[in-house]
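Report on one structure; see the data block that follows.
The values are calculated or read from the model by the stated rules, or taken from the named source; none is laboratory data. Predicted, not measured: the structure shown is a model, and the values here were computed from it. For neighbour counting, all protein chains shown are included, and Cβ atoms are generated from backbone atoms with ideal geometry for every residue, glycine included.
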Amino acid sequence: MRKKFLRRGTNLHFKLGKSRRKIRRWRKPRGDDNKVRKNKQGREKKVEVGYRKPRGERWRIKGKEFIIVRNLKDAGRVEKNKPVIIGKLGRKKREEIIKKIIESGGKILNKK
């Protein structure tokens with residue numbers, strides 16, 4: 001599972017608490033005396049190159065490769081039982097694409 005990097009001090013301040021997820025996201029520590037930036041022991045880990053996923057696991061959900069569908073032509077290429085993510089589309093186009101994917105037997109992961 002991927003490591004979740006949180007902003008420094010999220011456990012200390014109410015305004016950075018668990019219910020405020022957008023504010024908890026990672027921010028690079030820039031202060032001169034910042035302990036996270038200096039990699040002091042016992043502090044939060046800093047985002048670094050070595051934390052990236054292995055190449056085989058990238059762009060997969062639960063180990064399965066998926067297809068991103070952005071138009072009707074892409075929906076025609078969907079295979080049976082293949083995971084599908086529908087791109088940013090309007091309601092009408094989205095409904096057309098969903099019908100086409102269901103006919104071909106694909107599994108939609110982000111169905112609304």
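Considering (1) exposed (fewer than 11 other Cβ atoms within 10 Å of the Cβ); (2) of a type outside the set (Lys, Arg); (3) assigned by TED's automatic domain parsing to the domain that holds LEU6, the lone condition that ILE61 does not fulfil carries the number (3).
A search for C-beta distances below 6 Å between a residue of segment 48-70 that is free of Cβ contacts under 8 Å to residues at least 24 places away in the same chain and any residue that is surrounded by 11 or more Cβ atoms within 10 Å (Cβ to Cβ) and among the aliphatic types (A, V, I, L, M), counting only pairs 6+ apart in sequence or on different chains, returns ILE68/ILE85. When segment 16-57 is filtered for residues that are among the basic types (Lys, Arg), out of contact with any helix residue (DSSP H, G or I) (no Cβ under 7 Å at 6 or more places or on another chain) and part of a helix (DSSP H, G or I), the ones remaining, listed by number, are ARG21, LYS22, ARG55.
Kindly indicate whether TRP26 is aromatic (Phe, Trp, Tyr), modelled with pLDDT of 80 or more and in contact with an Asp or Glu (Cβ under 9 Å, 6 or more places away or on another chain). Against the criterion (aromatic (Phe, Trp, Tyr), modelled with pLDDT of 80 or more and in contact with an Asp or Glu (Cβ under 9 Å, 6 or more places away or on another chain)), TRP26 does not qualify. One residue stands out among those in segment 58-71 that are touching a Pro at 6+ places or on another chain (Cβ under 9 Å) and assigned to a loop (DSSP other than H, G, I, E, B): the one that is nearest to LYS88 (Cα to Cα), which is PHE66. Among the criteria (1) exposed (fewer than 13 other Cβ atoms within 10 Å of the Cβ); (2) at pLDDT 90 or above, the one LEU12 does not fulfil is (2).
Listed by first and then second residue, the pairs linking a residue in segment 4-33 that is among the aliphatic types (A, V, I, L, M) to a residue that is surrounded by fewer than 10 Cβ atoms within 10 Å (Cβ to Cβ), with Cβ atoms under 8 Å apart and 6 or more places separating them unless they lie on different chains, are ILE23/LYS15. Would segment 72-95 turn up any residue that is at positive phi, in a loop (DSSP other than H, G, I, E, B) and among the charged types (D, E, K, R)? Scanning segment 72-95, I find no residue that is at positive phi, in a loop (DSSP other than H, G, I, E, B) and among the charged types (D, E, K, R), so the answer is no. Test ARG7 against the criterion of being loosely packed, with under 10 Cβ neighbours inside 10 Å and at pLDDT below 90, and give yes or no. For ARG7, the condition - loosely packed, with under 10 Cβ neighbours inside 10 Å and at pLDDT below 90 - is not met.
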